[in-house]
Amino acid sequence: MQELLERKKGLHRKILIVDDEFVEREMLGNMLDDMYEVAYAENGAEAAEFIRLEKNTLSLVILDLHMPVLDGYSLLEIMRSDTDLRRIPAIVLTSEKDAEVKSLHLGAADFITKPYEVPDVVRARVRHAIELAEDTIIIHETERDELTGLFNKQFFFEYGKRLDEQNGFIPMDALVLDINRFHLVNELYGRSYGDMLLKQIGDSLHELVSRTGGLACRSGSNSFCVYLPHSDMLRESLPKHIAKLDEMTGDKKISIRIGAYSDDGSGLDMPQRFDCALLACAKLRGSYFSGFDFYDETLHSKEIYSERLINDMDMALEQKQFKVYFQPKYNICGDKPVLASAEALVRWSHHEFGMVSPGEFISLFEDNGLIQKLDNYVWNEAAAQIKRWKETLGVTIPVSVNVSRVDVFDPMLESKLDRIIESNGLENSELLLEITESAYTDNSQQIIDTVKGLRDKGFCIEMDDFGSGYSSLNMLTSLPIDALKLDMKFIRNICTDKKACRLVGIMIEIARLLEVPVIAEGVETKEQMELLKELGCDIIQGYYFSKPLPPDEFEKLVRDSL
Ligand code: C2E
Ligand code: CA
Ligand code: CA
């Protein structure tokens with residue numbers, strides 16, 4: 001039974017016997033043709049032609065060394081120097097011992113001596129050579145990343161472990177390299193450019209580890225890991241490496257971040273070293289410039305805290321630990337400031353940590369998509385509040401809510417908003433949507449389409465944090481927006497720094513050009529307010545008027561101004 005299975009398995013494999021002696025060819029063929037498809041050639045030249053034609057289907061070449069036209073050595077050389085033919089194993093037929101060494105050097109897999117040994121031995125050698133070659137191909141394919149030729153992640157960690165054991169656990173440094181906003185690279189410059197970039201990075205890492213020793217792998221679609229013998233010079237050499245990578249990408253808006261773990265003798269194993277490097281790399285996420293950072297211990301306690309916040313979020317939603325505060329926005333175009341709307345800002349009254357500010361958890365939740373749940377909650381609360389104020393105060397106070405970039409990619413966004421508006425009996429124009437400028441630059445077309453759809457339905461869109469993203473003027477003119485909200489950091493120094501003041505002036509000009517009102521947030525003083533008014537700013541939000549307030553306090557503020 002086993003024999004039959006073997007035969008079946010072997011039947012499809014094709015082997016070529018190359019020998020100028022008819023009798024020898026036939027004898028060998030007879031031993032093998034019940035298990036393989038056997039082809040014959042009379043000399044090296046004939047064989048070379050056949051091998052090229054059948055390069056994808058041929059499993060083995062058995063060749064004599066001494067033949068007319070082209071001998072066996074030359075044929076071996078041809079096969080080894082051609083990358084397409086290299087994978088096909090060759091067995092050499094020989095009667096001389098010293099020929100074996102030379103053939104081995106030329107890449108022969110095995111020998112069969114003439115006169116032939118018993119058929120079973122010949123068959124075993126043939127089968128062994130074929131299996132070995134096939135296994136090698138499989139191993140090579142599964143351990144390497146196809147595009148860059150670097151190890152894949154699984155084998156990288158496998159080999160790294162082995163390397164550590166073999167080297168007696170010498171100190172090793174770990175690097176994690178990531179391309180910022182890689183999907184944007186693909187979108188802007190095309191997939192083949194993205195692939196080329198990955199290949200170039202792969203090559204440079206390959207070059208690095210062949211110089212220093214160590215291993216490199218492609219660990220994700222746009223990330224790489226490098227494991228290097230420890231060097232005290234890592235801090236000095238990383239900027240050079242980054243400069244080289246930056247040079248490679250030219251002036252395109254591509255940036256690379258590297259997180260590094262420098263071995264400090266604390267005896268971490270390889271995966272732990274990479275966990276540390278990954279934390280250092282994550283710290284640089286979202287940066288627009290290339291850079292690197294080293295792991296230090298504070299990152300770990302920070303990570304544990306972040307982990308807690310992530311784990312506690314569901315429970316916090318259930319227990320209503322999240323509170324929505326409201327900060328008023330005033331229209332300053334007339335003689336007296338007039339309350340125009342409010343921004344809903346979330347706070348977390350954590351059962352253990354007390355008040356946690358959104359600065360600590362929003363970006364955390366953005367990274368893993370949890371933000372959608374929270375935003376949905378805030379939108380509902382804000383809508384319900386608008387409805388309540390309509391009833392108790394008899395006026396509509398439009399409220400703007402923050403819409404994360406993750407929300408904008410959600411195909412259900414429109415229907416979610418519809419439901420919220422409907423269940424609270426509101427008009428679409430009463431819930432304003434703040435979308436941060438950097439979201440627009442991330443996936444321009446999709447965002448533009450989504451936002452256009454929302455506007456067509458009557459929602460007002462405010463571009464938040466304007467000036468902090470990278471919108472080009474050209475892009476701005478095609479964006480569907482109803483207001484520009486200047487990033488807070490521009491306001492901070494307007495009264496003392498001429499340049500800052502000029503910059504805000506320019507941004508207000510841009511808003512004029514686009515025919516949309518300008519909102520300034522983070523306005524803390526009377527001077528700032530007056531200067532902004534002079535520059536032509538329409539709406540002001542900031543501590544000068546009021547901090548974000550819980551609903552009852554906000555209501556009091558409204559009543560006082562009525
Ligand atoms: P943002 O949308 O730019 O919100 C403005 C931030 O500036 C708020 O910080 C607000 O409290 C603060 N602020 C207001 N006036 C002043 C001022 O005069 N001076 C100073 N120094 N700060 C002022 P907050 O509430 O800590 O929120 C931080 C960020 O968190 C927000 O920035 C927003 O991006 C995000 N965020 C807050 N709530 C939500 C939410 O419900 N969903 C989402 N996705 N993000 C939110
Ligand atoms: Ca906002
Ligand atoms: Ca803002």
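Every number here is computed from the coordinates shown, using simple stated rules; none is lab data. Note that this is a predicted model, so its numbers are computed, not measured. Quick reminder, even Gly has a Cβ in these numbers, built from the backbone with ideal geometry, and neighbours come from all protein chains shown.
By the count of other C-beta atoms within 10 Å, a proxy for reagent exposure, ASP375, ASP560, ASP264 are ordered fewest to most as ASP560, ASP264, ASP375. Taking max minus min of the alpha-carbon positions on each principal axis, the stretch 314-561 gives extents of 49, 44, 37 Å, largest first. Please report the antiparallel percentage of DSSP beta bridges with both residues in the chain, rounded to the nearest 5. So the antiparallel bridges amount to about 45 percent of the total. Here the Kirkwood formula puts the hydrodynamic radius of the stretch 20-65 at 11.3 Å, using every distinct Cα pair. Exceeding 25 Å between C-alpha atoms, which entries from my cross-link table qualify? They are LYS320/LYS387; LYS452/LYS485; LYS320/LYS485; LYS485/LYS526; LYS416/LYS547. Going by Cα-Cα distance, LYS320/LYS485; LYS416/LYS547 fall outside the 25 Å limit.
In order along the stretch 487-496, phi translates into HN-Hα couplings of 5, 4, 5, 6, 7, 3, 10, 4, 7, 10 Hz, rounded to whole numbers, per the Karplus curve 6.51 cos²θ - 1.76 cosθ + 1.60 with θ = phi - 60° and x for Gly and Pro. Measuring max minus min along each principal axis, the C-alpha atoms of the stretch 151-295 give extents of 46, 26, 24 Å (largest first).
For the chain, the ratio of Cα radius of gyration to the globular rule of thumb 2.2 N^0.38 Å stands at 1.42. Magnitude of the charge dipole for the stretch 314-561, about its Cα centre and with charges confined to Cβ atoms of Lys, Arg (+1) and Asp, Glu (-1), is about 500 debye. Between ASP84 and ASN30, the FRET efficiency from the beta-carbon distance, with R0 = 35 Å, is close to 0.70. For every other residue with a beta carbon closer than 14 angstrom to the beta carbon of ARG218, add +1 if it is Lys or Arg and -1 if Asp or Glu, then tell me the sum. Once all neighbours under 14 Å are counted, the net charge is -3.
Taking the charge dipole of the chain about its Cα centre, with +1 at Lys and Arg Cβ atoms and -1 at Asp and Glu Cβ atoms, the residue from THR148, ASN424, PHE365 reaching farthest to the positive side is ASN424. Restricting the stretch 142-241 to GluC sites (Glu not before Pro) that sit in a DSSP loop and have at most 12 other Cβ atoms within 10 Å of their own Cβ leaves GLU146.
Any idea what angle helix 234-249 forms with the longest principal axis of the chain, computed on alpha-carbon atoms, 0 to 90 degrees, nearest 10? The angle comes out near 90 degrees.
Give me the Å³ per residue figure for the convex hull around the C-alpha atoms of the stretch 14-143.
Details: hull volume 13.1 nm³, N = 130.
In the stretch 14-143, the Cα convex hull volume per residue is 101 Å³.
Axis of helix 498-514 versus longest Cα principal axis of the chain: the two differ by about 90°, to the nearest ten degrees.
About its Cα centre, the chain has a charge dipole of approximately 1800 debye under the convention of +1 per Lys or Arg Cβ and -1 per Asp or Glu Cβ, with nothing else charged. Applying both filters, DSSP loop and at most 13 other Cβ atoms within 10 Å, to the chymotrypsin sites (Phe, Trp or Tyr not before Pro) of the stretch 225-312 gives PHE289.
The alpha-carbon of LYS153 sits under 21 angstrom from the alpha-carbons of these lysines, leaving out residues fewer than 8 places away in its chain: LYS161, LYS199. In the stretch 90-229, a dipole from Cβ-located charges (positive for Lys and Arg, negative for Asp and Glu) runs towards its positive end, and of ILE179, TYR159, ILE91 it is ILE179 whose Cα lies farthest in that direction. Computed from point charges on the beta carbon alone (+1 for Lys and Arg, -1 for Asp and Glu), the dipole magnitude for the stretch 151-295 about its Cα centre is near 460 Debye.
Taking the centroid of alpha carbons for each part, the stretch 291-337 and the stretch 140-186 are 34 Å apart. Rounded to the nearest 10 degrees, the angle from helix 119-143 to the longest Cα principal axis of the chain is 20 degrees.
Look at the dipole of the stretch 151-295 built from charges on Cβ: of GLY168, LEU278, PRO229, the Cα furthest out on the positive end belongs to LEU278.
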